[in-house]
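The values are calculated or read from the model by the stated rules, or taken from the named source; none is laboratory data. This one's a predicted model, so the numbers in the text were calculated from it and none came from an experiment. Cβ placement follows ideal geometry from the backbone for every residue including glycine, while neighbour counts extend to all protein chains displayed. Please note that ligands, DNA and RNA were not included when accessible areas were found on the heavy atoms of the full protein model with its side chains. Shrake-Rupley method; radii C 1.70, N 1.55, O 1.52, S 1.80 Å.
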Amino acid sequence: MSKGSKQVSSLPAYLFSIFHKKKVALEAQGVDVIDLGIGAPDLPTPSFIIDRLAKEARDPENHRYSPYGGCREFKLAVVDFYQKHYRVELDADSEVLALIGSKEGIAHLISAVIDPGDGVLTPDPGYPVYQSAIHLAHGTGVKFPLDEANGYTPRLEKISERDIRRSKLMLLNYPNNPTGATVDLDTFEKAVLFSKTHHLSLVHDAAYDLVTFRDYQAPSLLQVQGAKDVAVEFGSLSKSFNMTGWRIGYVVGNRDLIKALSIVKSNMDTSQFLPIQKAAATALNSDFVAVKENNRVYEDRLDMMMKALQEMNIEADKPRGTFFIWAKVPGGHTSQAFAEKMLSEAGVIITPGNAFGSKGEGYFRISLSVPKERLHEAVSRMKKVMKGGTM
Ligand SMILES: *Cc1c(COP(=O)(O)O)cnc(C)c1O
């Protein structure tokens, strides 16, 4: 008998953990598994950020509780970053909140804003955490499709009257996980207008805002005139500065939404360790050379992988952001069957598209957060399996 609540016991099984179990079992048999399913950077945190952490960790003043919502220095660094990078003005007191990673913030925002039964419009395919957070908050996930034909942008005009009426929030995420899709500001303009027209709150998850290639700069949703009336944007140091384990992110935008979130958070946590916030401020105040170097590493791997996929006759568009490639499953297999075959015959983990929702069926996701030599090895094994004739 489960001791968890109904909501906890009825959470759908996380597909990633099923793959993880298979990986552990194969490794126990001595198989050298290459994991292209990872959703986190493999590169280290830049050393100037670690230096600041080490220095601040030695100051006893920093061993106390942080102010609720984050310390002044971190919030001002977020304000300056938005000013410099996006020309967006923010009020540090009411429009910025420090988070223990954006995942925490998104989950708590949902629980701070919805009542039992309320709908939350979420992209399909999409980051699986949205669905679990909605479920735990007793809400209803209301999915809208992201189609390849439409560049994985939301087709707002296709969302039914009923789905709009039962929803309170809409979630977007660009550069997008898992599809790697990116948008220009007009997509956000339409989403803001849609949200205003239908009295929805709008949430943008910008976890990959700085993980972009060449000349492409991802826009901020807050660059849309009047966006702050309805929207918040979540940012994270995790992907851009290789700081996943540090647990530091932020939310900016609409003050009422931020207020609701801060009430939940002040009853749950007391923000992040001050030296981490201060080191993150140093990262946001930096010249972003480290971020650009990271992006070059990803793009180099990306070019290599795109070429390899082409040689295998696997269709995929080259993304302008994220460290993911979203590719079509070859040969009429299901996503799951293809992923299982790659794991058992090539010892390569790729993520089946259906792990991100039913619209992900027919696709798979490759993560580029693996060193190039390992990517080469993965490619050569995949090619062998494909040539085996059963694909
Ligand atoms: C990684 C990721 C996050 C979580 O980032 P943290 O700030 O580390 O919690 C949020 N959204 C998406 C789409 C992600 O891929």
Checklist entry - Just one of the numbered conditions (1) within 28 Å of GLN217 (Cβ to Cβ); (2) buried (at least 18 other Cβ atoms within 10 Å of the Cβ) is not true of SER47; which one? => result (2)
Checklist entry - With (1) touching a helix residue (DSSP H, G or I) at 6+ places or on another chain (Cβ under 7 Å); (2) of a type in the set (Ser, Thr, Tyr); (3) surrounded by fewer than 18 Cβ atoms within 10 Å (Cβ to Cβ) as the list, and SER10 as the residue in question, which single condition is left unmet? => result (1)
Checklist outcome for this item: Over the range 251-267, the set of residues out of contact with any Phe, Trp or Tyr (no Cβ under 6 Å at 6 or more places or on another chain) and away from the ligand (no atom under 15 Å from the Cβ) is GLY253, ASN254, ARG255, ASP256, LEU257, ILE258, LYS259, ALA260, SER262, ILE263, VAL264, ASN267
Checklist outcome for this item: Within the range 136-148, residues being within 19 Å of LEU200 (Cα to Cα) and open to solvent by 10 Å² or more (accessible area, probe 1.4 Å) number 7
Next on the checklist: So, in the range 74-99, how many residues would count as being loosely packed, with under 15 Cβ neighbours inside 10 Å and closer than 16 Å to LEU274 by Cβ?
Outcome noted: 0
Checklist entry - Residues in the range 196-211 that are open to solvent by less than 20 Å² (accessible area, probe 1.4 Å) and either away from the ligand (no atom under 16 Å from the Cβ) or touching a Pro at 6+ places or on another chain (Cβ under 7 Å) (or both): how many? => result 3
Checklist entry - When you go through SER167, SER160, SER94, SER195 one by one, which is the residue that is in contact (Cβ under 8 Å) with a residue 60 or more places away in the chain and either within 30 Å of SER266 (Cβ to Cβ) or not β-branched (Val, Ile, Thr) (or both)? => result SER94
Checklist entry - For the range 318-371, which residues satisfy the criterion of being assigned to a loop (DSSP other than H, G, I, E, B), in contact with a Lys or Arg (Cβ under 9 Å, 6 or more places away or on another chain) and of a type in the set (D, E, K, R)? => result ARG320
Checklist outcome for this item: Contact list, first residue from the range 234-253 and within 13 Å of LYS103 (Cβ to Cβ), second anywhere and β-branched (Val, Ile, Thr) and near the ligand (Cβ under 7 Å from one of its atoms), beta-carbon distance below 6 Å, six or more apart or interchain, is PHE234/ILE106; SER238/THR244
Checklist entry - Just wondering, is there one or more residues in the range 15-30 that are assigned to a loop (DSSP other than H, G, I, E, B) and in contact (Cβ under 8 Å) with a residue 60 or more places away in the chain? => result no
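Per-residue answers, yes or no, for (1) in contact with a helix residue (DSSP H, G or I) (Cβ under 8 Å, 6 or more places away or on another chain); (2) at pLDDT 95 or above; (3) open to solvent by 20 Å² or more (accessible area, probe 1.4 Å):
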| position | (1), (2), (3) |
| --- | --- |
| ASP215 | no, no, yes |
| LYS228 | yes, yes, yes |
| VAL252 | yes, yes, no |
| ASP256 | no, yes, yes |
| ALA279 | yes, yes, no |
Checklist entry - Taking the range 231-250 as the region of interest, how many residues are over 14 Å from ALA283 (Cα atoms), surrounded by 24 or more Cβ atoms within 10 Å (Cβ to Cβ) and more than 8 Å from the ligand (Cβ to nearest atom)? => result 3
Next on the checklist: Quick check on my filter: what residues within the range 31-54 are assigned to a helix (DSSP H, G or I) and small (Gly, Ala, Ser)?
Outcome noted: SER47, ALA54
Next on the checklist: I need the full set of residues from the range 300-326 which are open to solvent by less than 30 Å² (accessible area, probe 1.4 Å) and either in the same structural domain as ASP205 (by TED's automatic domain parsing) or polar (S, T, N, Q) (or both), in order please.
Outcome noted: THR322
Item to check | Output for the range 131-145, where each listed residue is within 16 Å of the chain's Cα centre (by Cα) and touching a residue at least 60 places away in the same chain (Cβ under 8 Å) | outcome: GLN131, SER132
Item to check | Among the residues listed as SER286, SER358, SER380, SER367, the single one being surrounded by fewer than 20 Cβ atoms within 10 Å (Cβ to Cβ), touching a strand residue (DSSP E or B) at 6+ places or on another chain (Cβ under 7 Å) and either small (Gly, Ala, Ser) or outside the structural domain of PRO41 (by TED's automatic domain parsing) (or both) | outcome: SER358
